[in-house]
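Asks: Submitted below is the structure of interest, expressed as structure tokens.
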Amino acid sequence: MIRNNVGTIDRILRVAAGCMLVALAFAEKIGPWGYIGIVPLLTGLLGNCPAYSLFGIRTCADRTPASARGPQ
């Protein structure tokens, strides 16, 4: 199971930026490289960023109960 590692604000910004890049590329305002906006769009929608996983970054709150996390 893939755990979410992208928080709410991060997800909103990713979806907004991804939509904007794809829309601009579709309208031929910025060229075909704008389709790279699909990456932040998908990571925002899925709530998981492979780069964050690689570097151990999490921008979302940990909702695991304290008793399930083990000793601190």
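The values are calculated or read from the model by the stated rules, or taken from the named source; none is laboratory data. Everything quoted here is computed from the prediction, not taken from an experiment. Counting neighbours? That spans all protein chains shown, and the Cβs are built from the backbone with ideal geometry, glycine included. Remember, those area values only see protein heavy atoms, side chains included, never the ligands or the DNA or RNA. Shrake-Rupley method; radii C 1.70, N 1.55, O 1.52, S 1.80 Å.
Asks: Restricting to the range 30-46, name every residue that is part of a loop (DSSP other than H, G, I, E, B) and under 15 Å from ALA17 (Cα atoms).
Replies: Answer for the range 30-46, where residues must be part of a loop (DSSP other than H, G, I, E, B) and under 15 Å from ALA17 (Cα atoms): just ILE30.
Asks: Let me ask something else about it. Please identify the pairs in which a residue from the range 1-27 that is part of a helix (DSSP H, G or I) has its Cβ atom under 6 Å from the Cβ atom of a residue that is among the polar types (S, T, N, Q), counting only partners at least 6 apart or on another chain.
Replies: ASP10/THR59; ARG14/THR43
Asks: Could you give every pair whose Cβ atoms fall below 6 Å, whose first residue belongs to the range 46-71 and is farther than 14 Å from ILE2 by Cβ, and whose second residue is modelled with pLDDT of 75 or more and open to solvent by less than 70 Å² (accessible area, probe 1.4 Å), counting only separations of at least 6 or pairs across chains?
Replies: THR59/VAL6; THR59/GLY7; THR59/ASP10
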